Amino acid sequence: MTAAECAAGICRIVELQMADVIRKVTVEKGFDPREFVLFAFGGAGPAHAGVFAAELGVKKVIVPQRKAASTWCAFGAAAADVLHIFEHTEIMPTPVPAERINRILQKIQADAEKLMASEGIAASRQRFEFSIDVRHKGQINEVEVLLPYARMPSSYEPQLRKLFTERYEKLYGRGSALPGAQLELVVCRLRARALTPRPKLVKAKVASKAIPRQAVRKPRPIQWASLKQTPVYDGEHLAIGNRIKGPAIVETSDTTVVVHPGRTLAVDPLGNFEITFK
């Protein structure tokens, strides 16, 4: 192997490992990555996303707002809601009276309201989401079931059982739940959020297919399946509406976007880079 072929092989191994990591947080939790758009950010994410997204069957990759790509984690931290999680653990085999559960939910909500008030968070910003960890009696692991209400109605059990079965079978496969089996309620949980103001994104009203002259850089040889002279673009000068067919390289001061053969990169109305697949 040449040095370039060896480096390309190393890159390929890394990208397939990235795909495996994403499978662990999607497929193993009952989600199909083919149903999602993949956000590629950071200094290196957009360089590798074209491979691991294709490996996952994703149809579209978004590289957020050009210069924002490399600071997307920091932006997320700054824009994220305040979150406190309160839990009460108590194993309760069904049937469990609704009043018993509601006393627990009321207690953890009161604790949350007290803490958020001490942080100066107004009641109008507070949002509460309740869930219960449920399992078949005799099992070790529980499944979290989000509650559609803040307090349990007296006849809650049929709906809770239905929600548990749907979630359980999404994780472990159709038919894996045991209809009619006794359940155990293990953990009552509250996610208390305080809404954070969001930035207002404005779409561009004008688009152009013509690639600006200053966006075109000198082509250079890139190792794809073989070494190939490849167009290179300055991403900061690309205009809204521009479309680039791969193979190509789009560079900004913060990150590098690799557009593989058979992919197309477009600049959307918000200034994001969109990579789509055939």
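General observations
- In the stretch 252-278, residue surrounded by the fewest Cβ atoms within 10 Å (Cβ to Cβ) [restricted to those that are in contact with a helix residue (DSSP H, G or I) (Cβ under 9 Å, 6 or more places away or on another chain) and of a type in the set (Val, Ile, Thr)]: THR256
- Sole residue being under 30 Å from PRO269 (Cα atoms) and part of a helix (DSSP H, G or I), chosen from ALA112, ALA77, ALA117: ALA77
- Residues (in contact with a helix residue (DSSP H, G or I) (Cβ under 8 Å, 6 or more places away or on another chain), outside any helix (DSSP H, G or I) and buried (at least 19 other Cβ atoms within 10 Å of the Cβ)) located in the stretch 42-63: VAL58, VAL61, VAL63
- Residues of the stretch 223-251 satisfying the condition of being open to solvent by less than 20 Å² (accessible area, probe 1.4 Å), under 18 Å from ASN272 (Cβ atoms) and among the aliphatic types (A, V, I, L, M): LEU238, ILE244, ALA248, ILE249, VAL250
- Scanning the stretch 64-81 for residues that are surrounded by fewer than 16 Cβ atoms within 10 Å (Cβ to Cβ), in contact with a Ser or Thr (Cβ under 7 Å, 6 or more places away or on another chain) and either of a type in the set (Gly, Ala, Ser) or at pLDDT 85 or above (or both) turns up ALA79, ALA80, ASP81.
- Restricting attention to the stretch 122-153 and to residues that are among the polar types (S, T, N, Q) and over 19 Å from HIS84 (Cα atoms), the residue that is least open to solvent (accessible area, probe 1.4 Å) turns out to be GLN139.
The values are calculated or read from the model by the stated rules, or taken from the named source; none is laboratory data. As the structure is a computational prediction, the values presented were derived from the model and not from experiment. Cβ coordinates were reconstructed from backbone atoms using ideal geometry, including for glycine residues, and neighbour counts include every protein chain displayed. Just so you know, the surface numbers come from the protein's heavy atoms only, side chains and all, with ligands and any DNA or RNA stripped out. Shrake-Rupley method; radii C 1.70, N 1.55, O 1.52, S 1.80 Å.
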